[in-house]
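Structure record follows, encoded as structure tokens.
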Amino acid sequence: MSHRIVVLISGGGTNLQAILDAATDGRLPAEVALVVSNRADAGGLDRARAAGVATAVVDHRSYPDRDSFDQALIDTIDPAEPDTVALAGFMRILTPAFVAHYRGRLLNIHPSLLPRHRGLHTHARALEEGDTEHGCSVHFVTEELDGGPLVAQAAVPVHANDTEADLSKRVGEREHQLYPRVLRWRAEGRLRLTEAGAELDGKRLDPRGVQISVDSL
Ligand code: GAR
């Protein structure tokens, strides 16, 4: 049976598009079973519909608290029977109960070389702090915000006079290569979370995950 992925989004969904494209052209041997957004106006929903993928909206404003919102998310996601739940620009903080429910199946992509720049506005902070290198990370999600075991990272240079938009574009291109690659490892049964951390092909990964060079992407 094919590996089933549910993707959670809040916005434009360029990472979702990269995942859909990889699933269509065979680079990702998996089925995107469902796309869930917390915003009805998320552009990514149109991308899912165009690819013939089922969509659902769970609007966080319709729920009195995080617990009930996250339970509604679980009730929406579980019928799709996901092997992996991929956060792709999903901009809500998830409760420990949600994270525990999907432990070992929940991945996130973050626009920085974690542990640098957890949280928001990562490109602006990389510029402010004079970083010469920036990039993106995919990690298993745990209760610690942007702090779960790292699976892989792709770095990009920061050039003099770069703007936030320049960095966002450069990092975005790497994200679109990195996430389908990591999801492929999941689909092939090679990537799992153990008590000791992330494991690829039965080997414990380096704390920073696999460093993917531009050439190998
Ligand atoms: C991506 O850059 C992703 O790394 C980031 O949101 C963007 C979504 O873009 N995620 C986070 O900041 C999570 N805290 P997209 O909707 O075009 O894929």
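The values are calculated or read from the model by the stated rules, or taken from the named source; none is laboratory data. Since we're looking at a predicted model, the values are computed, not measured. Positions of Cβ are backbone-derived with ideal geometry, glycine not excepted, and every protein chain shown enters the neighbour counts. Keep in mind that these areas ignore ligands, DNA and RNA; they rest on the heavy atoms of the full protein, side chains included. Shrake-Rupley method; radii C 1.70, N 1.55, O 1.52, S 1.80 Å.
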Would you report the distance distribution of C-alpha pairs in the chain as whole percents per 10 angstrom bin, up to the bin with the largest distance?
8, 35, 38, 17, 2
Size of the dipole of segment 1-94 about the Cα centre, Lys and Arg at +1 and Asp and Glu at -1 on the beta carbon, nothing else charged, in debye to 20?
260
Which whole-number value in Å² is the accessible area per residue of the chain, probe 1.4 Å?
47
Would you mind computing Rg(Cα) / (2.2 N^0.38 Å) for segment 108-148, counting N as its residues?
1.12
How many angstrom lie between the Cα centre of segment 130-203 and the Cα centre of segment 7-85?
20
Mind listing which GluC sites (Glu not before Pro) in segment 117-185 are in a DSSP loop and have 14 or fewer other Cβ atoms within 10 Å?
GLU129, GLU143, GLU144
Using modelled backbone amide H atoms (1.01 Å from N, in-plane), which distant-in-sequence or interchain residues come within less than 5 Å of GLY148's amide H?
THR142
Rg/Rh for segment 90-217 to two decimals, with Rh computed the Kirkwood way over all alpha-carbon pairs.
0.97
Highest-MSF residue in the chain out of ILE109, ILE93, ILE19 [GNM, Cα springs under 10 Å]:
ILE93
Calculate the spin-label point distance for ASP75 paired with ASN161, positioning each point 7 Å from the Cα along the beta-carbon direction, and give it in nanometres.
5.6
Let me have the relative contact order for the chain, percent, based on Cα pairs under 8 Å that are six or more residues apart.
19
So, R0 is 45 Å and r is the distance between the beta-carbons of ARG204 and ARG61; what FRET efficiency does that work out to, to 0.05?
0.60
Based on the Cα atoms of segment 5-85, what semi-axes does the equivalent ellipsoid have, where each is the square root of 5 times one gyration tensor eigenvalue, given in whole Å with the largest first?
23, 14, 9
Just need the relative contact order of segment 175-217 here, percent rounded to a whole number, with Cα pairs under 8 Å and 6+ apart.
28
Measuring from its Cα centre, the chain shows a charge dipole (+1 at each Lys and Arg Cβ, -1 at each Asp and Glu Cβ) which, in debye to the nearest 20, is 320
Rounded accessible area of TYR102 (nearest 10 Å², 1.4 Å probe):
0
Once Lys and Arg get +1 and Asp and Glu get -1 on their Cβ, which of ALA154, LEU28, ALA18 lies farthest toward the positive end of the dipole of the chain?
LEU28
What the Cα atoms of segment 52-165 span along the principal axes, largest first and in whole Å, is 48, 33, 28
Taking Cα pairs under 8 Å and at least six residues apart, what relative contact order does segment 1-74 come out at, in percent?
30
Residue among THR84, LEU45, HIS3 farthest towards the positive dipole end of the chain, charges placed on Cβ:
HIS3
